[in-house]
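Data block below; observations after.
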Amino acid sequence: TTNASAPLYDRWSEMMTRLQLWVEILEINDNGIYSAVEVQERNDIKTGGIYQLRQGLSRRILVRVLPVGAGGNIACKSIGSISIGNVHTQTRHQPALDSYQNEDLLKLRCAWSEALESVQSRIGEQLHSLTEKEMLTESEEEERGKLLEEWIRLLRERDAVLLPKENSGVPGARDTRPVPQGMESRIPTLFADVNDQLRQNPKHRIVIGERSNVSGQDPNQMIKLTTYYPPQVKHDQHRVCAISAWDSSTHETESLNCLTEPEQRVYLTLQVGVDVSLPYGMELEVVLRKRVCVRVYKKKSLRDSMRGFMQDIPKRCGVMYEIVTGIPAFSNFYHENLNKKNVDSDKKTLT
């Protein structure tokens, strides 16, 4: 339950958690050990970089999910599933792809607007009943002033959510702060009104982001991978990790079996199901998606080999998600006023 008298950002922060999804692709090296492939950073790539895959090698995918900051109202428990698919090839001259989708953000803003309009409607009814009176008492004048202030405040909050300012902390607000190396710049939002879904179907397992596909994603083209948790991968209360074996030949596409041309960009969609829990013990699933860009090569050039010794080469890409589990409360004054009206109405009924 949110504190309705708190500032707008504080009320939204109680309903929000930011999760980072990091992805590494591992290949077996000459010593028989799986190690992370290099990621080539390019200005025309929005996924964090291009994974450099050597043709014909056995591969694995390592994913890590961790909350950012205080962790909000969600605790990660484990990674339940990993899927990959939707191979898409385009030229470097076409618009670059990333993991962003705004379907959930639009749903959230619609739910917020509907709830706000409901509150405004009730405040309007109270203002109308006061306006119809010829004479107002001192307490009624004070009440009318507070109602008008509340009406204006709600209008400002509506604009703050529908047209959020940069770095305001409101869902969908553009974040201009620097991001870690390999992290996508845009932050997609996932939304589900958990309490509302529980009221409708208490026994139903809630899945946040189940249908929040990235652009062009076809669920029928996703391949579910076998997931396991080797002991050498760190796994604690702050982050969860998992590894899946990935045979890229199962996608039956030349884009992954043949060498990548310099003008080509090969994308895939990675989908990760994360089991999480809320503070009051309820467990649910959050589905995260990460678009990845890969390049298949046969043998490193001397220049590329030397580059690996001369500098620290990135070996992972990530995306930040904003998880919103409900709509915050609007106004303590409104609820107190409504309760007072209900009590007065009950008294009149009894007399």
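Just add up the charged neighbours of L21: K/R +1, D/E -1, any other residue whose Cβ is under 9 Å from the Cβ of L21.
Charge balance in the 9 Å sphere: +3.
How many nm separate the modelled label positions at T253 and K203, each set 7 Å beyond the Cα in the direction of the Cβ?
With each label point 7 Å from Cα toward Cβ, the separation is 4.1 nm.
Given 0.36 nm per residue, what is the gain on full extension from T137 to I33 after removing their alpha carbon distance, in nm?
29.2 nm
Rounded to the nearest 500, what is the 222 nm mean residue ellipticity of the chain from helices alone, with -39500 (n - 2.57) per DSSP H run of 4+ residues and division by all residues?
Helix contribution divided over all residues of the chain: -9000 deg cm²/dmol.
Place +1 on the Cβ of every Lys and Arg and -1 on the Cβ of every Asp and Glu in the chain, take the dipole about the Cα centre, and give the residue among Q126, I313, I45 whose Cα lies farthest towards its positive end.
Value computed over the given set: I313.
Mind ordering 206-216, 78-88 by average Cβ neighbours within 10 Å, highest first?
Those peptides, ordered most packed to least, come out 78-88, 206-216.
Who wins for biggest fluctuation among K165, K46, K290 in a Gaussian network model of the chain, springs between alpha carbons below 10 Å?
Among K165, K46, K290, the largest GNM mean-square fluctuation belongs to K165.
In terms of modelled amide H atoms, which long-range or inter-chain residues lie less than 5 Å from the amide H of M183?
Correct list: G318.
Using a 1.4 Å probe on the protein chains only, how many percent of the accessible area of the chain belongs to carbon and sulfur?
49 percent
Treating only the Cβ atoms of Lys and Arg (+1) and Asp and Glu (-1) as charged, compute the dipole magnitude of the chain about its Cα centre; round to the nearest 20 debye.
That gives a dipole near 1540 debye.
For the chain, just say rounded, prolate or oblate: build the C-alpha gyration tensor, square-root its eigenvalues into a ≥ b ≥ c, call rounded for a/c under 1.5, and beyond that prolate if a/b exceeds b/c, oblate if not.
It is prolate, given that a/c is not under 1.5 and a/b is the larger ratio.
Expressed as a rounded percentage, what relative contact order does the chain have, with Cα pairs under 8 Å and six or more residues apart?
Relative contact order comes out at 35 percent.
Which shape class applies to region 140-217: rounded if a/c is under 1.5, otherwise prolate when a/b exceeds b/c and oblate if not, where a ≥ b ≥ c are the square roots of the Cα gyration tensor eigenvalues?
oblate
What residues of region 38-75 lie in the reach of a label at D175, counting those whose backbone N is under 13 Å from a point 7 Å from the Cα along Cα→Cβ?
66-72, by backbone N distance to the label point.
Set the Förster distance to 30 Å, then compute FRET efficiency between S277 and Y229 from the Cβ-Cβ distance, nearest 0.05.
Computed FRET efficiency for S277 and Y229: 0.95.
Between E261 and L148, what is the label-to-label distance in nm when each label sits 7 Å out along the Cα-to-Cβ direction?
7.0 nm
The values are calculated or read from the model by the stated rules, or taken from the named source; none is laboratory data. Source: prediction; values computed, not measured. Note that we place each Cβ from the backbone using ideal geometry, even for glycine, and neighbour counts take in every protein chain shown. Quick note on the areas: whole protein, heavy atoms, side chains included, nothing else; ligands and nucleic acids left out. Shrake-Rupley method; radii C 1.70, N 1.55, O 1.52, S 1.80 Å.
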